[in-house]
Amino acid sequence: MSKLAIVVASTRPGRIGPVVAQWVETEAKKQGGFTECELVDLAEVNLPFMNEPHHPRLARYTHQHTRDWSARISGADAFVFVMPEYNYGYNAELKNAIDYLHHEWHYKPVGLVSYGGVSAGTRAAQMIKQVVTTLKMTPVPEAVSLPFVHQFIDEGGSLVPTEIMTASAESMLTELVRVSDALRPLRAEPRSVPTS
Ligand SMILES: Cc1cc2nc3c(=O)[nH]c(=O)nc-3n(C[C@H](O)[C@H](O)[C@H](O)COP(=O)(O)O)c2cc1C
């Protein structure tokens, strides 16, 4: 059993994120390396700005929204972050969602599907690497980068991928499965949660 969580990072009305994420989900099911794929939409998760009094490494959560978020992230073995580029960086809602937790992210790989204008969200993707590695996550180099993302959306609002996009999604997902399997023994070790 291995579960992939595909995180929709953008939350604003009219966002393109869910359309991109649906395509990633289709590719993940086609690739077949994970037994389960779940879309995790940060707009639906609707976390407030981080409002826990204790450092997340203590796992002493005081709010139900944090306990729910913790359970959801704990249940995943690997992630794809479907992320826009905002002002040469990644969006604040994604950083907020990451900051809520600590152990839940450990020893899990993450694939980055970024999108934007000419940069294809690659500045945002580079920026998030220093954050996720701090949480013992492994970003796989096989990313998917979509330049001028709106060019791939048809009149019905679906994403129509090019061959290169499909090939890069396949490479990313294959590597995610490999790294997720390799890190499984570390995830299985009992968690040592500090008391202070
Ligand atoms: C606040 C904001 C800042 C943006 N900054 C960038 C940017 O720095 N680079 C870029 O390529 N696109 C930028 N864009 C364009 C977005 O990549 C594009 O609008 C994309 O659709 C945003 O993702 P979303 O629709 O899922 O929110 C920006 C968009 C917004 C709303």
Report summary line: From the Cα centre of the range 155-182 to that of the range 1-67, the distance in Å is 18
Report summary line: From highest to lowest solvent-accessible area (probe 1.4 Å; ligands, DNA and RNA excluded), Lys108, Lys29 read Lys29, Lys108
**Report entry** Coil-residue chymotrypsin sites (Phe, Trp or Tyr not before Pro) of the range 113-178, DSSP, other Cβ within 10 Å capped at 13
**Finding:** Phe148
Report summary line: In whole percent, the fraction of accessible protein surface over the chain that belongs to carbon or sulfur atoms, probe radius 1.4 Å, stands at 54
Report summary line: Ranking Ala169, Gly156, Ala76 by how far each Cα lies towards the positive end of the charge dipole of the chain (+1 on Lys and Arg Cβ, -1 on Asp and Glu Cβ), the top one is Ala76
Report summary line: Once Lys and Arg are counted +1 and Asp and Glu -1 for all other residues with Cβ under 12 Å from that of Trp69, the total becomes -3
Report summary line: the chain: antiparallel bridges as % of DSSP beta bridges, rounded to 5, reads 10
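Just to confirm, what accessible area per residue do you get for the range 1-124 at 1.4 Å probe, in whole Å²? Walk me through the intermediate numbers first.
Details: 5050 Å² over 124 residues.
Averaged over the residues of the range 1-124, the accessible area is 41 Å².
At 18 Å minimum axial length over the Cα atoms and a Kyte-Doolittle cut of -1.0, report the qualifying DSSP H helices in the chain, or say none. Mind dumping the intermediate values first?
Numbers: long enough: 17-31 (21 Å, -0.61); 122-134 (19 Å, 0.07); 163-188 (37 Å, 0.24).
Sorted by number, the helices that extend far enough and score high enough are 17-31, 122-134, 163-188.
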Query - Against the rule of thumb 2.2 N^0.38 Å, how large the Cα Rg of the chain comes out - result: 0.99
**Report entry** Relative contact order computed over the chain (Cα-Cα under 8 Å; 6+ residues apart), in percent
**Finding:** 23
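The values are calculated or read from the model by the stated rules, or taken from the named source; none is laboratory data. What you see is a predicted model; the values in this text were computed from it and never measured. Backbone-built Cβ (ideal geometry, glycine too); neighbour counts: all protein chains shown. These accessible areas exclude ligands, DNA and RNA; they are computed on the full protein's heavy atoms, side chains included. Shrake-Rupley method; radii C 1.70, N 1.55, O 1.52, S 1.80 Å.
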